[in-house]
Amino acid sequence: MSSSIDPSVVSSRRNPPAVKASVVFMSLKRDIMLGELIAGEPLTELDLAARFQCSQGKVREALLQLQEEGLVRRQGHRGTQVSACTVDEAVEMFRVRQQIECNGIVRALRYKSRTLISDLRGLASDMVEAAKVDDELQLAAFDRDFHRRIFRDADLPALDPILHRCLVHNHRFKISRSMGSRDLMATALRHRAIIETIEQCDVSAASQALHHHIATIVDFGPTIFPDADQ
């Protein structure tokens, strides 16, 4: 009795699905954000290609994406290394972020799109769900999407990559300085006050709520934003 074998099954065994550059990028980003890859650690294309079973071209593409977010440093013949996460850079990025976002939300409320509030509510719900399953990295990703969604209505697209980099480094710094487990649900729910002020179309209150939100993200907030109420 002969058995028939699906040719597509045989083919998939011989040729496993190609790993995309986005998979390499997200995996390395996760390891860097969570501190599993430490500052200064070398990242070689050959080793990473072997690890992910993909071409060096895919690895190179992923490393370029990580460089754009400031998570790695590519230094020619010295190779690629995980970037540092210093207090000095964190402070400056918090300041840059505060200026970009608080100016941006004023513009956003002038030109608010019809879907802004519903989009923000959806992202706030996504953050709550991520908090329920203790997924800090996914929560941080939704958090970044939330802030960038507000800024999108400011119609200042050239500044969005700068804001995105600041958000990534803010979250990396926050995670790296966490001692033990954090209250992820409290982090998710902090965004409701911002939504409420946007719903009320109160420009002053929205700007203040966002300023307070940024200033109280980490413990040194009061030292760089001394006018923020704790």
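Some notes on this structure:
- The angle between the Cα long axis of helix 56-68 and the longest principal axis of the Cα atoms of the chain comes to about 10 degrees, rounded to the nearest 10.
- Förster-model FRET efficiency, 30 Å R0, Lys20 and Arg177, C-beta, rounded to 0.05: 0.40
- Amide hydrogen neighbours beyond the local backbone of Leu43, cut-off 5 Å, H modeled: Thr80, Gln81, Val82
- Lysine pair count for the chain with Cα-Cα distance under 26 Å and sequence separation of 8 or more or different chains is 6.
- Projecting the Cα atoms of Ser83, Ile217, Ile198 onto the charge dipole of the chain, computed from C-beta unit charges around the Cα centre, puts Ser83 farthest toward the positive end.
- Proximal charge balance of Ile214 [Cβ under 11 Å; K/R count +1, D/E count -1]: +2
- Estimated from the Cβ-Cβ distance and a Förster radius of 22 angstrom, the FRET efficiency linking Ile117 and Ser204 is about 0.75.
- Separation in nanometres of the label points that stand 7 Å from Cα toward Cβ, at Met185 and Thr86: 4.0 nm
Just so you know, all these numbers are worked out from the coordinates, no wet-lab data involved. Predicted model, so just to flag it, every value in this text is computed and none were measured. Using ideal geometry, Cβ is built from the backbone for each residue, glycine included, and neighbour counts are taken over all protein chains shown.
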